[in-house]
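Written below as C-alpha cells is the structure these notes are about.
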Amino acid sequence: MKNLSYQKLQTLQTPTYLYSEEVLRAQVKALRESLPEEMGIFYSFKANSHERLAKVLQSEGVGADVASVNELKVALRAQFKSEHIEFTGPGKSEEALRLAIHSRIASIVVESVEELLLINQISTELKIVTSISLRVNPELSVSATGKKLNKQSSQFGVDEDQAPEFFAILKKCSHVKLVGLHVFSQSQILSGQILEQNFALTMAAILRLCVHLTQPLDMVNLGGGFGIPYYEGQSSLQMTSLKSALVQILTEARKESVLQAAKFFVESGRFIAGPAGVYAAPVLYTKESQGKRFVVLGGGFSHNMAVCGVGQILRRNYKTQVFQKQKDTSLETVTLVGPSCYALDTLAVDLALSRLVRGDWVIFENCGSYGASFSPMNFLSFAPAQERFIEDL
Ligand SMILES: Cc1ncc(COP(=O)(O)O)c(C=O)c1O
C-alpha cells in the first residue's frame, strides 16, 4: 500500500484496518484483464462487506455475491442493482430469502431441495417468479495444490448425480425459474495452471448437466479460486494464459444450445479485497522470556484471527512492515503477540525485524479480506479494530 508513513499511523492511535480505494480498483482491473471481455465478475462480500469498499466495487461495475441478509442489505445500500446481485450459502434464513425474492435479485443460488421448496412457497405467496441458479457439487474438481478430487461429500450445493432429481422437483415449482448454474469448488489457488484446470473441470460438469435442461440459461458462474501470496516465499498468481484458456472453454460451451445466450461469470473475494487492506497495530511493550524476545502489540487475535494462524495447516508468518518513530535498522528476531491472555494470540513467530520500541507500528499485508469479517471482535471485550481508508489520512 502506497503513502503509508509513521506520521499517518500515529494519527490512528489504535489498531486499524487500512483499506485503499486505489488498490481495490487496481485489483478489479487486474482480474478483468485476465478474463475474456464478455465475462462478468461477482465480488464475494464475505471477504469484506465494508460499505464504502462495496460502493467502490459497485462503481467498478462488478456484481455482488452475498451470503447473508446483512450482506444483501449492504449491497442494496451500496447501490448494486438487483440484477447484479446473487445470493449463495447453504443456510439462508427465511428473512434473507424474503428480502432476496422481494428485491428480485439476479439469482438466488439454491443449495438444497428443501431450500428450493421454501423459495417456491414464499414466491407463490408474494406472487413473484423468482430467478434461481442451482449450485452443483461437481463429481470432479481440483484442490488448490492441483490434486484431482473425485466425488467429495459437501455441505455446499447439490451433488451432481442428484441434480436430475432436483430438476424434476423444480418442474413442479410454479414460482421459480432456473436461470443459471453455479459451481464454486476451490479457494486460494496460486497457480495459473491449476486455476485453468479448475475452470475446465467446472465447465465439464456444467456441460454434463445441460443435457437435462430444456430451457436456455441466462448465467453460468464458474466460481473462482484466485489466490493471493500471504507468506514470505509465496509469489503472486500469474494468469498469463487464463484469458485464452477461458476463451476456448467458452467457445466449446456455446455449442450447447442452452448455453448459447448465457453470460459467464467468475467470483472472487480475497483477490479483489485482500491486497487492498493492511492491518496496523502499535507496539505496546517489548520483553524477554528464556532468551526469546517478545513484542506485545495493541491488537491481535480478536481483530485478526487469520494472521494468528487460524485456517492455516502449517503456521506461517504474514508479510509485514514496520514503521518507526526513530529508524533503528538493527535486526532482531522477535515473536509478535497480541494483548490477550490467550496463547493463540500470536501474530508472528521468530521473525527478523528492525528493533521495535513502544509507539512503533507493525503492518500486516493482504488483510483486506477475511480480516475484520473473519475475526471474533468481541473476544475479551477489546475495542474492535477501526476500519479506515488510506485516502482519508
Ligand atoms: C461460494 C463461494 N464463493 C466465493 C468465495 C470467495 O472465495 P475467495 O475469497 O477465495 O475468492 C467463497 C469462499 O469460501 C465461497 O464459498
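Table for the structure above
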read-out: Region 81-268, relative contact order in percent, only Cα pairs under 8 angstrom and at least six apart counted; value: 19 percent
read-out: Cα-based Rg / Dmax (Å) for region 51-174; value: 15.8, 47
read-out: Where Rh is the Kirkwood radius over Cα pairs, Rg/Rh for region 319-393; value: 0.97
read-out: Cβ-derived FRET efficiency at R0 45 Å, Q152 paired with E94, nearest 0.05; value: 0.95
read-out: Coarse-grained scattering of region 93-165 at q = 0.16, 0.19, 0.20 Å⁻¹, given as base-10 log I(q)/I(0) from a Debye sum over alpha-carbon atoms; value: -0.63, -0.78, -0.83
read-out: Entries of K55/K325; K46/K92; K287/K325; K148/K171 with Cα pairs more than 23 Å apart; value: K55/K325; K148/K171
read-out: Loop trypsin sites (Lys or Arg not before Pro), region 114-196 (other Cβ atoms within 10 Å of the site Cβ: 11 or fewer; DSSP); value: K127, K147, K172
read-out: Structure-based [θ]222 nm, the chain - -39500 (n - 2.57) summed over DSSP H runs of at least 4, per residue, nearest 500; value: -8000 deg cm²/dmol
read-out: Net charge of Cβ neighbours under 10 Å - reference Y318; Lys, Arg +1; Asp, Glu -1; value: 0
read-out: Loop sites in region 23-95: GluC sites (Glu not before Pro), DSSP, at most 13 other Cβ within 10 Å; value: E37, E38
read-out: Length released on extending from N378 to K2, taking residue separation times 0.36 nm less the Cα-Cα span; value: 132.3 nm
read-out: FRET efficiency, 1/(1 + (r/R0)^6) with R0 25 Å, evaluated for H102 and K263 via beta carbons; value: 0.60
read-out: For L347, residues with placed amide H under 5 Å, excluding near neighbours; value: L336, V337, G338
read-out: Chain lengthening between R358 and A30 when straightened (0.36 nm per residue, less Cα-Cα); value: 114.2 nm
read-out: E232 versus K81: modelled label distance in nm, points set 7 Å from Cα along the beta carbon direction; value: 4.9 nm
read-out: Using θ = phi - 60° and Karplus 6.51 cos²θ - 1.76 cosθ + 1.60, couplings along region 353-360 (whole Hz; Gly, Pro as x); value: 9, 4, 5, 9, 10, 3, x, 6
read-out: Contour excess over end-to-end distance, with Cα ends at S241 and R316 and 0.36 nm allotted per residue; value: 24.0 nm
read-out: Rel. contact order, % - alpha carbon contacts under 8 angstrom, at least six apart, the chain; value: 20 percent
read-out: Pairwise Cα inverse-distance average, inverted: Kirkwood Rh of region 81-268 (Å); value: 17.2 Å
read-out: Estimated FRET transfer efficiency when R0 is 22 angstrom, pair K292-K327 (beta carbons, to 0.05); value: 0.35
read-out: Descending semi-axes in Å of the chain, equivalent ellipsoid built from Cα gyration tensor; value: 42, 22, 19
read-out: Built amide H within the under 5 Å cut-off of S44, gap 5+; value: D65, S268, G269
read-out: F167-H212 pseudo-label distance in nm [points 7 Å out on the Cα-to-Cβ vector]; value: 0.6 nm
read-out: Loop-located GluC sites (Glu not before Pro) in region 216-261 whose Cβ has at most 15 other Cβ within 10 Å (DSSP); value: E232
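Values quoted throughout were computed directly from the atomic coordinates according to the rules given, and no laboratory measurement underlies them. These figures come from a predicted structure and were not determined experimentally. Neighbour counts run over all protein chains shown; Cβ positions are idealised from the backbone, glycine included.
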